[in-house]
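Below: one structure, written as structure tokens.
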Ligand code: G6P
Ligand code: BGC
Ligand code: BGC
């Protein structure tokens, strides 16, 4: 290929690539240009000596009348390669700015994500209605599209076009949408189709902020529309309201797409994926499949998302200024939206005719055309339409047709006039095609860079009447794209039905997702607890507390702990502490002076030991103690020991605790019903040369309360939300049956994990809870715990995911062995998945590690399932704490209660939202209580040591 250069000074030569200098430039069709550059003319936009890109106007002889004025006019529409490259570069820059979410300076193009995350995979099927509004100016189209889901098997869509009255396009928004609803019913009246379950895709060809496949807010009208009360509104809702008002049919609007997306999605499946949609009709725009990670507003790092460029608003003065003509300024000034859509007004079919009219009127009024004659039509805006321009430029139309069109405009053209008019049309449309190509080349270069591909192979779906009807537009477009984006190998695929099928494809996907959403909502609805349900749990728990304290039948055992006081800071000494029952078994050395120093070691309790014999378990415990003593140089010392034993024990004294039943996966034999302090002492006795003085056994809730109470004396409640869950609090002794004395308080271990074991929580229990309970080693037990704590939440989620997979909502319905494996979905996954940052990335990483094939929609659904399960757990936990603080407030006859809760447990500490949800629920259900949650730093081992220290101090007092 070569470039023809006439009298160009040295500067230009340098710009040309060596292999190009001194050659003639041809584009498809290969005819050498008949035009010679009038470099001396110096017309608008061309700097001295710059070359303009020109295209052979097949069948059009050079303008024989070369008067200055005509040349100057036509020259204004000549765009140089450098100018096109500058537009390409500037648009590329604006695209990247907008993708990065840069707000100021506001990027010249909008880059709007469209929620279409994949190009069609041809499996979509069903009958869908499509309403197209805005693509073709003053008309809307209703289609009935049948998707067979069989590749290559197409059913011709039925369609009907309706002309939109001007006053409707410029009137009240409600009127426009009522008109659309009317057209829909008129179309359906005429169609022999079933009118049940009608699903509609709304092709709305205007710039919109989409927040979902069926939620889209109009940013601003373009083209000939300017209805009031629509900008800033959700256009899907406006259409739904209009269909409702019309009331003839029940049509479900399930998706809204931009016409470029419909064009891209409607593209026949071919060798290359169709990943760009280009529309040049009354307006112009393009969309393409962007890497989701490049779109800052999306929290997505994988996959692709279709982005509507909205290049019609491109208005970088630096790039566009030089190519804007006086006619463009006039057209813009007189348009409905002056200053806006400047780029579109140089390309869109709504404007091409007007540009031609303005040039013809200009030349006529200067006596160069039509002998200086004009006509009312020539002087009135919008009298020359795209169809006129396309026909007049069509070489096959011939001069006679051109004359006929001009005569219809009340003009009497001479032979030269006909020729000149054709050149004016050609100049205007050539520029439009070139500018459109520069914009498309920017999109293609961006795609090629984004995909780090040497050569980008891509298919571009083209649609719109300018592409379809203009004889040369697409040829020039393709030629210029090849010139400006040589590293892209592009195939252009004309859309077969203006994108109707594409809109139906998106609608099919949206319908499937909407159906999935309904199934998901139905599945998760029981997890969404409202105020009344939570207040009922609070009231239920309150009742159970009172019954438990009275020693009546209750699922809450309300176990006295013989801890009567929280530390007063006078405790001193070294103490050993054991912490059994949480994630880790710990042995601690606690030195209490003015402060507390802790040295601890974590030991594992193998499942075989936790579920072996009691003797084995306690021997293992003593082994760990001995190992710890050796490591700490304490061997042979008999330090007072506090034993945090996190299981339900009926305490007969501070150092006597009868294990009522194991929980949390422990099931060692011969322990239940035994005094575990005794079991420990027996194990110590079995081990020669070990002396240990077991002073106290405390529950981890009590240890936690004491540990935090050491820092904050208002801490009178202990809460654990870890492997298991439970709470304790300081109850008035007068309320505690079975413990002598009416004054003072005693810490009560509620063992709230068992709340509901009497069926009082049945109204909240779901089939998933039932599955988890049934599969547990203690079915029917710890029902409240099994809805809240870390040992079970992952399992609840796994069961829900299995259920949703069986419904086809997840993982395309493919059940995998991995997901059927018990405990494979760890509760810690919930904390990771629900972390505010990187949420979907976490989901993806975790599920892929589990070998689950997922789509981005799957990731979102898994996130929602985790959120629903953890939210219910936190709310139930909050309802429990609300019951406790209200009990304390009423115990003390206080209007307002200020109290602190010592909290520990992996779930509470690590989950990103659990603690705040618990606090919010307590504020809602116990508004007269100011509750401070203190996260325990050193665990309950410290608390056990402090209880031991208090016991030793009290024992000291009684001894003196
Ligand atoms: C801390 C306490 C333990 C308690 C545990 C509960 O570690 O020191 O006494 O049992 O928290 O949480 P977890 O998540 O470990 O079950
Ligand atoms: C709108 C785009 C649309 C294009 C083509 C423009 O005016 O802003 O959303 O895609 O016209 O119809
Ligand atoms: C136990 C409680 C313990 C809680 C938290 C429950 O399973 O029954 O005693 O406090 O877990 O660890």
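Scanning the range 206-225 for residues that are touching a residue at least 40 places away in the same chain (Cβ under 8 Å), within 15 Å of ligand 2 (Cβ to nearest atom) and in contact with a strand residue (DSSP E or B) (Cβ under 7 Å, 6 or more places away or on another chain) yields a total of 7.
For (1) away from ligand 1 (no atom under 16 Å from the Cβ); (2) in contact (Cβ under 8 Å) with a residue 40 or more places away in the chain; (3) part of a strand (DSSP E or B); (4) surrounded by fewer than 16 Cβ atoms within 10 Å (Cβ to Cβ), each residue gets a yes or a no:
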residue	(1), (2), (3), (4)
631	yes, no, no, yes
636	yes, yes, no, yes
642	no, yes, yes, no
658	yes, no, yes, no
661	yes, yes, no, no
667	yes, yes, no, no
679	yes, yes, no, no
683	yes, yes, no, no
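Among the residues examined, residue 113 does not qualify as under 26 Å from the mean Cα position of the chain (by Cα), free of Cβ contacts under 8 Å to residues at least 60 places away in the same chain and within 16 Å of ligand 2 (Cβ to nearest atom).
List the number of the failed condition for residue 738; all other conditions in (1) within 16 Å of ligand 3 (Cβ to nearest atom); (2) on the phi > 0 side of the Ramachandran plot; (3) surrounded by fewer than 19 Cβ atoms within 10 Å (Cβ to Cβ) hold. Single failed check for residue 738: (1). Screening the candidates 504, 511 for the property of being touching a residue at least 12 places away in the same chain (Cβ under 8 Å) and under 21 Å from residue 160 (Cα atoms) yields one hit, 504.
If only residues of the range 718-744 that are over 20 Å from residue 552 (Cβ atoms) and out of contact with any helix residue (DSSP H, G or I) (no Cβ under 6 Å at 6 or more places or on another chain) are counted, the one that is farthest from ligand 2 (Cβ to nearest atom) is 743. When restricted to residues that are assigned to a strand (DSSP E or B) and within 28 Å of residue 385 (Cβ to Cβ), the range 173-231 contains 6. Does residue 528 qualify as being more than 16 Å from ligand 2 (Cβ to nearest atom), exposed (fewer than 14 other Cβ atoms within 10 Å of the Cβ) and either more than 26 Å from residue 902 (Cβ to Cβ) or in contact (Cβ under 8 Å) with a residue 24 or more places away in the chain (or both)? In short, yes.
For the range 556-566, residues that are surrounded by fewer than 24 Cβ atoms within 10 Å (Cβ to Cβ) and closer than 14 Å to residue 784 by Cβ total 1.
One residue stands out among those in the range 685-702 that are crowded, with 24+ Cβ neighbours inside 10 Å and modelled with pLDDT under 95: the one that is farthest from ligand 3 (Cβ to nearest atom), which is 695.
Restricting attention to the range 287-322, the residues being part of a helix (DSSP H, G or I), in contact (Cβ under 8 Å) with a residue 12 or more places away in the chain and more than 16 Å from ligand 2 (Cβ to nearest atom) number 6. Across the range 914-926, the number of residues qualifying as within 24 Å of the chain's Cα centre (by Cα), away from ligand 1 (no atom under 16 Å from the Cβ) and surrounded by 17 or more Cβ atoms within 10 Å (Cβ to Cβ) comes to 1. In the range 540-554, the residues that are touching a residue at least 24 places away in the same chain (Cβ under 8 Å) form Cβ pairs under 7 Å with partners that are exposed (fewer than 14 other Cβ atoms within 10 Å of the Cβ), at six or more places apart or across chains, as follows: 549/737; 550/737; 551/737; 551/738. In this structure, is residue 588 more than 21 Å from residue 905 (Cβ to Cβ), surrounded by 15 or more Cβ atoms within 10 Å (Cβ to Cβ) and under 49 Å from the mean Cα position of the chain (by Cα)? Criteria not met by residue 588.
In the set 262, 277, only one residue is touching a residue at least 60 places away in the same chain (Cβ under 8 Å), under 30 Å from residue 186 (Cβ atoms) and not in a helix (DSSP H, G or I); that residue is 277. Across the range 778-798, the number of residues qualifying as surrounded by fewer than 19 Cβ atoms within 10 Å (Cβ to Cβ) and more than 12 Å from ligand 3 (Cβ to nearest atom) comes to 2. For the range 897-908, state whether one or more residues are within 16 Å of residue 829 (Cβ to Cβ) and within 16 Å of ligand 3 (Cβ to nearest atom). Yes; the residues of the range 897-908 include at least one that is within 16 Å of residue 829 (Cβ to Cβ) and within 16 Å of ligand 3 (Cβ to nearest atom). Might you let me know whether the range 929-939 holds any residue that is at positive phi, in contact with a strand residue (DSSP E or B) (Cβ under 8 Å, 6 or more places away or on another chain), within 16 Å of ligand 3 (Cβ to nearest atom) and modelled with pLDDT under 95? Scanning the range 929-939 turns up at least one residue that is at positive phi, in contact with a strand residue (DSSP E or B) (Cβ under 8 Å, 6 or more places away or on another chain), within 16 Å of ligand 3 (Cβ to nearest atom) and modelled with pLDDT under 95.
With the condition kept exactly as written, say whether any residue in the range 781-798 is within 23 Å of residue 718 (Cα to Cα), modelled with pLDDT of 95 or more, in contact with a strand residue (DSSP E or B) (Cβ under 6 Å, 6 or more places away or on another chain) and in a loop (DSSP other than H, G, I, E, B). Checked against the condition, which is being within 23 Å of residue 718 (Cα to Cα), modelled with pLDDT of 95 or more, in contact with a strand residue (DSSP E or B) (Cβ under 6 Å, 6 or more places away or on another chain) and in a loop (DSSP other than H, G, I, E, B), the range 781-798 yields at least one hit. Restricting attention to the range 185-201, the residues being surrounded by fewer than 24 Cβ atoms within 10 Å (Cβ to Cβ) and touching a helix residue (DSSP H, G or I) at 6+ places or on another chain (Cβ under 9 Å) number 4. Return the residues of the range 330-380 that are part of a loop (DSSP other than H, G, I, E, B), within 25 Å of residue 91 (Cβ to Cβ) and away from ligand 2 (no atom under 14 Å from the Cβ); say none if nothing qualifies. Of everything in the range 330-380, those that are part of a loop (DSSP other than H, G, I, E, B), within 25 Å of residue 91 (Cβ to Cβ) and away from ligand 2 (no atom under 14 Å from the Cβ) turn out to be 338, 339. Looking only at residues in the range 706-716 that are out of contact with any helix residue (DSSP H, G or I) (no Cβ under 6 Å at 6 or more places or on another chain) and either farther than 17 Å from residue 588 by Cβ or free of Cβ contacts under 8 Å to residues at least 12 places away in the same chain (or both), which one is surrounded by the most Cβ atoms within 10 Å (Cβ to Cβ)? Here the residue is 709. The set of residues in the range 155-169 being in a strand (DSSP E or B) and in contact with a helix residue (DSSP H, G or I) (Cβ under 8 Å, 6 or more places away or on another chain) consists of 159, 160, 162.
For beta carbons closer than 8 Å, sequence separation of 6+ or different chains, a first residue in the range 887-909 that is farther than 13 Å from residue 937 by Cα and in contact (Cβ under 8 Å) with a residue 60 or more places away in the chain and a second that is in a loop (DSSP other than H, G, I, E, B) and more than 16 Å from ligand 3 (Cβ to nearest atom), the qualifying pairs are 898/714; 899/714; 900/712; 900/714.
The values are calculated or read from the model by the stated rules, or taken from the named source; none is laboratory data. Quick caveat: nothing in here was measured; it's all calculated off a predicted structure. Note that we place each Cβ from the backbone using ideal geometry, even for glycine, and neighbour counts take in every protein chain shown.
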